[in-house]
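Note sheet for the following structure.
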Amino acid sequence: MIENIRLSLRGIWGHKMRSFLTMLGVIIGIASILAIVSIVEGTNRKLEKSLVGAGNNVTDVQVCQDGYPSTDSFQAGNMPGGIPTVSEASLEQIRSTEHVTNASLFYSRSWADSIYYQNKSSQNVSLLGVKPDYFTTCDYKLIAGRMMTEEEGKSARKVCILDEEQAENLFGTEPAVGKIIEIRKEPYTVIGVVRAANEEKKEYESLDEYHMDQWGSPGKIFVNYGSWPLIYVFDEPEGVAVQVDEAKNMAAAGAAAADILNMYVTNGNLTYQAVNTDEAANSLKTLTTAITAMLVSIASLSLLVGGIGVMNIMLVSVSERTPEIGLKKALGAKPRVIMGQFLTESAVLTSVGGVIGVLLGILIGKVIAMVISMDFAISIPWIFIAVGFSVGIGLIFGVLPARKAAKMNPIDALRRE
């Protein structure tokens, strides 16, 4: 086997141009597959990071009706009963659940309105009533001002913290800390600005790009937990932000936390549920997997063409080396030895093309990802699959030439000398 590989490499090197043209179909096919898979893999990782817990492994457990959070539909005077306040004991029970690293209470409005700074309004912003530990749980880092304190929560002081998007939306380039904004006719002093720890400050190339981003992501305002009743003037169910050790455990940990809270709910129409964005991520990943399969199938056609080219050149090689085959058989070489030699040569030819295709595919994938501003991730399993596939192409399409060589009559072969 080693001798056959050595002879195969010598043959490839001795006919460089012919070998390269023979491998070209395999190179293009493998490179196309690796480039496609690498870009899709990078996209899937970005989806998992951005959708599953927004990159911080946090799932929100909230009161839901028909599977959707109900807090935005609650109105003063028709607050549902049967949902008790989340006790510290329940919160500690959630924190002790397997895979849970932290948990914090919050109130929320997904599409809050009536928020103003002077004559400028902020519409459809996410408004949350939080305690100081919420920022640790959800992995926010302070970039200006200071965090809230427990004393401010107990005294219901009207202080708030903005995320970076909302600070830029309301104040532009002006410092946000110290400004007073109006939230449902209540004055709140901005004491800090935060940013999600996994995010970097965005740079915009134009004002239109900035406004488009703000339209799609209005940002968040965090008010003091104790002052929430001053805004909405009635009690309402709390949510729990549950931080998990790994993204893959979010669904199970969120469901366990919801089960703990539902033990105390007596209203049959409402239940606590984990708002799992991993379902959306899985749906998108299923879609990208289907697209990948389609694109890989199309790219594989060039491998078929490359395989036919390999078979053609191996048939030519058998014809050229007929005297050599006749001499070996005359000296006692068995058909399986002759067949093994040509199969090895075919497999080595395509495997070299496969390795070149892998390197080219990684390079092409990186360039495409940079040009279209997408994530790129090398899939190690697919590298081995690609190389193995290229070897398989050589073995499959090398069978016919190898059998033709193995079945040659040594007398007829030597007569061709």
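How many of the residues in the range 325-348 are in a helix (DSSP H, G or I), exposed (fewer than 15 other Cβ atoms within 10 Å of the Cβ) and not hydrophobic (A, V, I, L, M, F, W, C)? Talk me through it step by step, then tell me what you get.
Narrowing the range 325-348 to residues in a helix (DSSP H, G or I): 325-330, 335-348.
Now drop any that are not exposed (fewer than 15 other Cβ atoms within 10 Å of the Cβ), which leaves 330, 335-337.
Now restrict to residues that are not hydrophobic (A, V, I, L, M, F, W, C): 335-336.
So the count comes out to 2.
What pairs come out if I take residues in the range 8-32 that are over 12 Å from residue 310 (Cβ atoms) and of a type in the set (Ser, Thr, Tyr) and pair them with residues that are open to solvent by less than 60 Å² (accessible area, probe 1.4 Å) and at pLDDT below 80 whose C-beta lies under 7 Å away, six or more apart or interchain?
32/299; 32/302
Inside the range 314-335, can you point out the residues that are at pLDDT below 80, at negative phi and not hydrophobic (A, V, I, L, M, F, W, C)?
317, 319, 320, 321, 322, 323, 324, 326, 328, 329, 335
Quick one: residue 374 ticks every box in (1) in contact (Cβ under 8 Å) with a residue 40 or more places away in the chain; (2) open to solvent by 70 Å² or more (accessible area, probe 1.4 Å); (3) assigned to a helix (DSSP H, G or I) except a single one, so which number is it?
For residue 374, the exception is condition (3).
Of all residues in the range 369-384, which are in contact with a Ser or Thr (Cβ under 9 Å, 6 or more places away or on another chain) and modelled with pLDDT of 75 or more?
First, pick out the residues of the range 369-384 that are in contact with a Ser or Thr (Cβ under 9 Å, 6 or more places away or on another chain): 369, 374-379, 382.
369, 376, 377, 378, 379, 382 - these are the residues of the range 369-384 that are in contact with a Ser or Thr (Cβ under 9 Å, 6 or more places away or on another chain) and modelled with pLDDT of 75 or more.
Name the residues in the range 143-159 that are of a type in the set (Val, Ile, Thr) and in a loop (DSSP other than H, G, I, E, B), would you? It would help to see each step written out before you state the result.
Step one: filter the range 143-159 for residues of a type in the set (Val, Ile, Thr), giving 143, 149, 159.
Answer for the range 143-159, where residues must be of a type in the set (Val, Ile, Thr) and in a loop (DSSP other than H, G, I, E, B): just 149.
Could we say that residue 358 is among the β-branched types (Val, Ile, Thr) and closer than 22 Å to residue 22 by Cα here?
Values: among the β-branched types (Val, Ile, Thr): yes; closer than 22 Å to residue 22 by Cα: yes.
Against the criterion (among the β-branched types (Val, Ile, Thr) and closer than 22 Å to residue 22 by Cα), residue 358 qualifies.
Only residues that are part of a helix (DSSP H, G or I) and either basic (Lys, Arg) or closer than 17 Å to residue 28 by Cβ (or both): list them for the range 312-324, please.
Filtering the range 312-324 down to residues part of a helix (DSSP H, G or I) leaves 312-320, 322-324.
Result: 312, 313.
In the range 73-98, how many residues are touching a helix residue (DSSP H, G or I) at 6+ places or on another chain (Cβ under 8 Å), at pLDDT 90 or above and part of a loop (DSSP other than H, G, I, E, B)?
Of the residues in that region, 2 qualify.
Filter the range 217-265 down to the residues that are in contact with a Phe, Trp or Tyr (Cβ under 9 Å, 6 or more places away or on another chain) and among the small types (Gly, Ala, Ser), then identify the one that is surrounded by the fewest Cβ atoms within 10 Å (Cβ to Cβ).
Among those that are in contact with a Phe, Trp or Tyr (Cβ under 9 Å, 6 or more places away or on another chain) and among the small types (Gly, Ala, Ser), it is 227.
The values are calculated or read from the model by the stated rules, or taken from the named source; none is laboratory data. Everything numeric in this text was worked out from a predicted model, so none of it was measured. Cβ coordinates were reconstructed from backbone atoms using ideal geometry, including for glycine residues, and neighbour counts include every protein chain displayed. All accessible areas refer to the heavy atoms of the entire protein, side chains included, with ligands and DNA or RNA removed. Shrake-Rupley method; radii C 1.70, N 1.55, O 1.52, S 1.80 Å.
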